[in-house]
1. Among the listed residues Leu774, Leu718, identify the single one that is open to solvent by 80 Å² or more (accessible area, probe 1.4 Å), aliphatic (A, V, I, L, M) and at pLDDT 90 or above.
2. How many residues, within the range 664-703, are surrounded by fewer than 19 Cβ atoms within 10 Å (Cβ to Cβ) and not in a strand (DSSP E or B)?
3. Which ones in the range 397-434 are of a type in the set (Phe, Trp, Tyr) and touching a helix residue (DSSP H, G or I) at 6+ places or on another chain (Cβ under 7 Å)?
4. Regarding the range 484-493, can at least one residue be identified that is buried (at least 16 other Cβ atoms within 10 Å of the Cβ) and either farther than 28 Å from Val547 by Cα or touching a residue at least 60 places away in the same chain (Cβ under 8 Å) (or both)?
5. Residues that are surrounded by fewer than 22 Cβ atoms within 10 Å (Cβ to Cβ) and over 26 Å from Leu464 (Cα atoms): does the range 500-520 have at least one?
6. Which residue pairs have Cβ atoms closer than 8 Å, lie 6 or more positions apart in sequence or on different chains, and pair a first residue in the range 38-56 that is over 17 Å from Val539 (Cβ atoms) and touching a residue at least 60 places away in the same chain (Cβ under 8 Å) with a second residue that is basic (Lys, Arg) and surrounded by 23 or more Cβ atoms within 10 Å (Cβ to Cβ)?
7. All but one of (1) open to solvent by less than 20 Å² (accessible area, probe 1.4 Å); (2) more than 30 Å from Asp364 (Cβ to Cβ) hold for Tyr471, so report the exception by its number.
8. Does the range 630-653 contain any residue that is farther than 30 Å from Leu277 by Cα, under 23 Å from the mean Cα position of the chain (by Cα), modelled with pLDDT of 75 or more and outside any loop (DSSP other than H, G, I, E, B)?
Amino acid sequence: YTLRKYHKTKKAALQKDKSPSSSSSLWTTKTDDFFPYSDRPHGFWSGYFTSRTAFKRFERVSSGFLQAARQLDLLFDNSQTAYTAETHPLYELEDALGVVQHHDAVSGTGKQHVADDYSKRLQSGVDRATHHVLGIVLDQMFPDDQNQTSIPLQDSLRDTLQYCPLLLNESRCEAAANTDFDVSDLYVVVYSPTYQQKAQSCSWAIRVPVSRAGSYKVERLGDIGLNAGINAASVRARRIPRRPDLTTEHKSRFESFWGVEFIVGPFVALGVCTYRLSLETPVSETSEGPALQSTQLVDVLEETVKVTNGRGMIVTFDRRTGRLARVLDQYSQHEDSFRIDLELAIEYGYYTSYNNNSDSITDDDDDGQNSGAYIFRPTVPNQTLHTLPPCVATNEADAVQFIPSEIGLEVHTAYGECGKCWIRQIVRVVKDQPWIEVEYKVGPIPIDDGHGKEVVARFSTPSLQNQGVFYTDSNARAFMKRIRDYRPSWNLTKSYEPIAGNYYPINAAIYIEDSNASVTLLTDRARGGGSILDGTVEVKIQRRTLVDDHRGVDEPLNETTGGMAPYPPYGDANRIGGGVTVSGVLRLMVGGGSSGARLARSVMDDIFAQPLIFVGSAPSSSSGGINAKERNLSDLRPSFSVLSATPKLPPNVFLVTLKRLYEFESDSGTSSLLLIRLAHQYGHMDDVDVMSKPVQVNLQVLLDPDIHRVVSVTEKTLSGNQNWTSFVETKYNWTEPVPPEEEPFGRGHHTQGGDTDSTTITLHPLDIRTFHVLVDLPEAAEELTSVDRRDKN
């Protein structure tokens, strides 16, 4: 609605009977959204869905880190340091993340120097928050810092423990790579920010770089020193290719490093678990990777290689090209069993970007609109995707590698043409993970032909007939039904841009389905995508344009390694260096008919709330004897939880926010005001039989009354700055009032006291509810030591 129509309609409503039934008839309800937006026939604003894709990933990682840091902050002892809101160590990151939500920030539509400033602010905020979080983790791991037996280990970890966010994708961590295993052990501390009860919790594979070849003992430390040593295993370090920055020339062998690969999990709910890596048997170094041979998970055949995740999924690769060929999934849903067998392929390619200096089309409506930071426009409207062949076809040595391990299989391939391989891919199938992980590294995008390029990854399954229908998420909440060349609110008579006009924003997932099968693709950042052809899902993974699209940026979207020179009069604003290289991860899932949303819902929040990984080193037994090692560990607390080690949330409820707003001294002792935000993860029709049903959560039980005794609960609006009851009383009634929901804890209810019945809330499908929860630390709990609290968990 325009502002004029709004005032005109509201005035008409006031002149009539002011009853809700009279005014509601003046308004129509729009259930779709406004995507894809265009301001002219060939000007679709679907380019910014992917612009500055590296920055979009940085924003996503920083946001997930902040939510986990807020949780851990509940363990910080405020009595030692009194912070105000603006001096708190997390404030700088909160402020920076707020700034980058600007419509020209995370969208990627700002100038290069401005984008660099956004990144600088985010990194500064992450750095300060990391220092705060490391202090909390170490204080919890060593609650008795005066105990002399733990000082060597404690001092070493306080000096060396680092936050290593790249271990989950790039296998990079300075603290691990620099550890001398002849005299030291490596400690990997993993914090899980999830708090749900799940039959099969999400596990993560990490690849820790180590300084030398050999067999390593990987053990998960128990709650009391060395008594448990659970999940202890001997893992042989392997050569892991570190894909070089992609340039026009490549060596016959990839740069590589030694790495130890293992699965972390099951996790302590909203808590920490600790792993120790120690060198068992050193071996002489060799550049050769592990031989490709059949194992418990891998089946090597003459023309194909098959690998299973141990959960019923079997993935087949072509042994010559390394390409994904087929996925077989046998699984159970509720009381039924299914078997899905799909031909599945991954392709990489690009659309050339429209440049009115050299391109033109025969169209009376063409005004020379360029492709740029905002606008996505291929050179011709119905351009066929220019697919890149595997580099094996150009005889590049080692372009295809199969790398088996104890936990699965990696398949490394490269794509390009004209002797240039500028896209590299690693497909991983890992034990106990429900998805196929597709890691890509793209760049520098070649522009020597004078054209910018819109680089795409396309997933194809010919047998799936989606008939032009696909689904994308709306801010990781509701899935929106998309139909190719169709608009629900108005009649689309002509499709000027059949490709750009069918690209939609993807924040979490996109899927296609029919009555027999579903294919879901989960993304690690915001990007654009669609289903341009039946049986396909394509997502854009990188962009590079050479001209401006005249929407206000006044710069081409041409990111380079050295950025830009200053603007006049201080410089010439020229680009410095070559094109950037960007990496990312897509996760592919397959399932039965009409199950695309259920597949996405089951893992999408876990992908956002990935574990925080900290790595440090300390003297090993070889340097101090096993007795010294036991003494060092006797006061280490390798496992602890922010709330309770036993998860208290149902499997379809996600803890969006847990944050201490402030703490104060009250008549009953120490009190805290907590901000808690809970979300029902499923839509009404996503999993009708089980997960889409309403669910109840008791906030008192959620917080564990032995540690946090609930004094009062007040529901707030989503932003947390207004009482729900006040909002309802003052908002304008656009339609007929909705009857109150029949639940023990009605919307906006305020409860006082410790009655558990009055602290039970109901979450309906896709609900997000926000609460201020006032808690006291019970007198008995105040007298507990931190170790006692851990044991209570």
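The values are calculated or read from the model by the stated rules, or taken from the named source; none is laboratory data. Everything numeric in this text was worked out from a predicted model, so none of it was measured. Cβ coordinates were reconstructed from backbone atoms using ideal geometry, including for glycine residues, and neighbour counts include every protein chain displayed. Calculation scope for accessible area: heavy atoms of the full protein, side chains included, ligands and nucleic acids excluded. Shrake-Rupley method; radii C 1.70, N 1.55, O 1.52, S 1.80 Å.
1. Leu718
2. 11
3. Hit for the range 397-434 is Tyr415, nothing else.
4. Checked the range 484-493: at least one residue is buried (at least 16 other Cβ atoms within 10 Å of the Cβ) and either farther than 28 Å from Val547 by Cα or touching a residue at least 60 places away in the same chain (Cβ under 8 Å) (or both).
5. Within the range 500-520, none of the residues are surrounded by fewer than 22 Cβ atoms within 10 Å (Cβ to Cβ) and over 26 Å from Leu464 (Cα atoms).
6. Going by the 8 Å Cβ cut-off, the qualifying pairs are His42/Arg377; Gly43/Arg377.
7. Only one criterion is unmet by Tyr471, namely (1).
8. Checked the range 630-653: at least one residue is farther than 30 Å from Leu277 by Cα, under 23 Å from the mean Cα position of the chain (by Cα), modelled with pLDDT of 75 or more and outside any loop (DSSP other than H, G, I, E, B).
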